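Just so you know, all these numbers are worked out from the coordinates, no wet-lab data involved. These numbers come from a predicted model, not from an experiment. Virtual Cβ from ideal backbone geometry, glycine too; neighbours counted across all protein chains shown.
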């Protein structure tokens, strides 16, 4: 950061702005009693975490959230992978129109779809089931998956699949051993986006989750909205809520990193 | 023995068959979009022309909605929050992307922190901002301990006020890293040749930025603005948790969820959602068109 003081100031300011809210949040989550007049709390402990885990049955809720987000990632990937490959590797008439069409759910406010989709689920006989929950999320997340994978497939050579086929590999085998490993980084990024987006979803879950199915979002929202949860507990809940999505970020960044290293070695 | 013509014919027909086979997943994905996106939008459109009892009322629901004070206030409030947020986000993102463009010590850490911010769910951000920036939060306490404030009531209540500063602040905090990272990727893909040539010809930094760098970012700025606009304008969690007034989305959801179905407000939830859809589509369409146009001019 030598040379340009303005740039240094901008970068330092950015780091400060990002990190600043996190520090009091962590301290607050460990604080027993933190009076307004005090800059630091009297004592630090994990009591807030213990209480929140006990009161909200956090392990079960986290498991629910992980299963839901993983199912959403998997379904989105299954639906989006081949269309993304088609759009990315081929030039055809109306390609721009197809891309705009696939992007439409991202542009529309979720509420427009969520108000009407209930009738579709009721007709299908899946209203407030696990399937309706996954579908209500997937419809908004497929475009993200396609949006990230299309540029990845632009640099992909479909010829290697033909070579694999001449060597006797089946279609599934080609997909698992040739296609997916070739787009590993893009796949990691797209899965990360979808997982984090699904993890953060509140409205679709509150409207279409089966009765008694709780996710972290469903617990967090009323805890903040109605202000009845003490700040120490709320801070602990907040940290527990974002840690899994951060772990997912770490994993996907690590996959991208190892991919880069492998490519450099090749 | 097959002739070269018949072999060529076979290759062309093989290609066509393959194209047809490859089209199947695209059709399936499109069907999902039609059934779970277009159809629900269509259902909402249809409902917006009827009473709850099923009586066709034409545009009456829309007229009633446009004439209602809560809708007018929500429209102004939503527009204000969206416009201010997007302008601040775009300007800050361009400045940040330009700042982290070149190599510097700590670049990896800076990029990681930006990604870290992107990974934060909106509900988490709302909770964090309340804990840190509210009247009785950490910042207020810090100012009090530093002697800047005499008591917490002197600290501006950004979450209860009618201006929506708390919502704007949180939206900006959430989106700037995401947009800056997107713009950074574009900046990395652009050759520095033109800028270097301009520099050797003695063109100043500000002129280089406005005449060379910014035009090459136009398309991406317009494109990311679309995503940003769609997210901010249609956001539910942040305005409902951090604002004291209704945006269009929170008003629609309030009418949908908290009113008796036979009340006119219930049907207004559908009309508001359709108005939201139309506004978002028109603005996104204009921005997308501008993005494509800028992209073509650039090429």
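Which FRET efficiency, nearest 0.05, do residue B:278 and residue A:42 yield, Cβ-Cβ r, R0 51 Å? Present the calculation step by step, with values, prior to reporting the outcome.
Numbers: r = 55 Å, r/R0 = 1.08.
Working from the Cβ atoms, E equals 0.40.
From the P(r) of region B:208-264, can you give the percent of Cα pairs sitting at distances over 14 Å? The share of Cα pairs beyond 14 Å in region B:208-264 comes to 68 percent. Of A:243, A:62, A:11, the residue with the greatest mean-square motion in the GNM of chain A, using alpha carbon springs below 10 Å, is A:11.
Computed FRET efficiency, Cβ-Cβ of residue A:165 and residue A:251, R0 25 Å: what is it to the nearest 0.05?
0.20
Here the label points at residue B:160 and residue A:178, each 7 Å from Cα along the C-beta direction, are separated by 6.6 nm in the simple model.
Peptide A:114-127 has a mean of 5 when you count, residue by residue, the C-beta atoms of other protein chains within 10 Å of its C-beta.
According to the Kirkwood expression over distinct Cα-Cα pairs, how big is the hydrodynamic radius of region B:177-299, in Å? Taking the inverse mean of 1/r over all distinct Cα pairs, region B:177-299 comes out at 17.5 Å.
Evaluated at q = 0.06, 0.09, 0.12 Å⁻¹, the base-10 log of the normalised Debye intensity for the protein assembly as shown, with identical point scatterers placed on the Cα atoms, takes the values -0.34, -0.77, -1.34.
Peptide A:194-201 is shielded by partner chain Cβ atoms: per residue, an average of 3 of them sit within 10 Å of its Cβ. With 0.36 nm allotted per residue and the present C-alpha distance subtracted, the residue A:126-residue A:226 stretch has 32.9 nm of extension available.
Suppose R0 equals 45 Å. What FRET efficiency, 1/(1 + (r/R0)^6) with r the Cβ-Cβ distance, do residue B:207 and residue A:16 give to the nearest 0.05? All intermediate terms of the calculation are to be shown ahead of the outcome.
Values: r = 30 Å, r/R0 = 0.68.
For residue B:207 and residue A:16, the calculated efficiency is 0.90.
Cα centroid separation, region A:154-184 to region B:149-224: 41 Å. Between residue B:293 and residue B:186, the distance separating the two model label sites (each 7 Å from Cα on the Cα→Cβ line) works out to 1.6 nm.
Contact order normalised by length for chain A, with contacts defined as Cα pairs under 8 Å and 6 or more residues apart; what percent is it?
Relative contact order here is 27 percent.
Pairwise Cα separations in region B:60-298 fall into 10 Å bins from 0 onward with the following percentages, short to long: 7, 25, 28, 22, 13, 4, 1, 0. Region A:82-111 and region B:23-45 have Cα centres separated by 12 Å.
Classify region A:1-99 as rounded, prolate or oblate, taking a ≥ b ≥ c as the square roots of the eigenvalues of its Cα gyration tensor: rounded when a/c is under 1.5, otherwise prolate if a/b is larger than b/c and oblate if not. Write out the running numbers ahead of the final one.
Details: a/c = 5.09, a/b = 1.46, b/c = 3.49.
Oblate shape, in that a/c is at least 1.5 and b/c is the bigger or equal ratio.
The value of relative contact order for chain B, using C-alpha pairs under 8 Å at least six residues apart, is 26 percent. With the cut-off at 17 Å, report for region B:112-159 the share of all Cα pairs above it, as a whole percent. That tail contains 44 percent of the Cα-Cα pairs.
For the protein assembly as shown, what does the helix formula give at 222 nm: sum of -39500 (n - 2.57) over DSSP H segments with n ≥ 4, over the residue count, nearest 500 deg cm²/dmol?
-24500 deg cm²/dmol
In this label model, residue B:151 and residue A:154 are separated by 6.1 nm, measuring between points 7 Å along each Cα→Cβ vector.
Averaged over its residues, how many other protein chain Cβ atoms are within 10 Å of peptide B:252-258's Cβ atoms?
Values: counts 4, 6, 0, 0, 4, 2, 0.
The shielding value for this peptide is 2.
Net length available on complete extension from residue B:73 to residue B:35 is 10.3 nm, with 0.36 nm assigned per residue and the Cα-Cα distance removed.
Can you give the convex hull volume of the alpha carbon atoms of region B:2-149 per residue, in Å³?
Working: hull volume 47.6 nm³, N = 148.
For region B:2-149, the hull spanned by Cα atoms encloses 322 Å³ per residue.
Distances between every pair of Cα atoms in region B:131-249, grouped in 10 Å steps from 0 to the bin holding the largest one, split as 12, 27, 22, 20, 16, 3 percent. Build a GNM of chain B with springs between Cα atoms under 10 Å apart, and of B:27, B:190, B:221 the one that fluctuates most is B:27.
Let me know the shape class of chain A, please: from the alpha-carbon gyration tensor, a ≥ b ≥ c as square roots of the eigenvalues, rounded when a/c is under 1.5, otherwise prolate if a/b is greater than b/c, or oblate. It comes out oblate by the Cα gyration axes.
Highest mean packing first, where packing is the average number of other Cβ atoms within 10 Å per residue, the peptides B:279-285, A:123-129 line up as B:279-285, A:123-129. With viscosity 0.890 mPa s and temperature 25 °C, the Kirkwood radius over alpha carbon pairs of region A:103-243 converts through Stokes-Einstein to a diffusion coefficient of 136 µm²/s.
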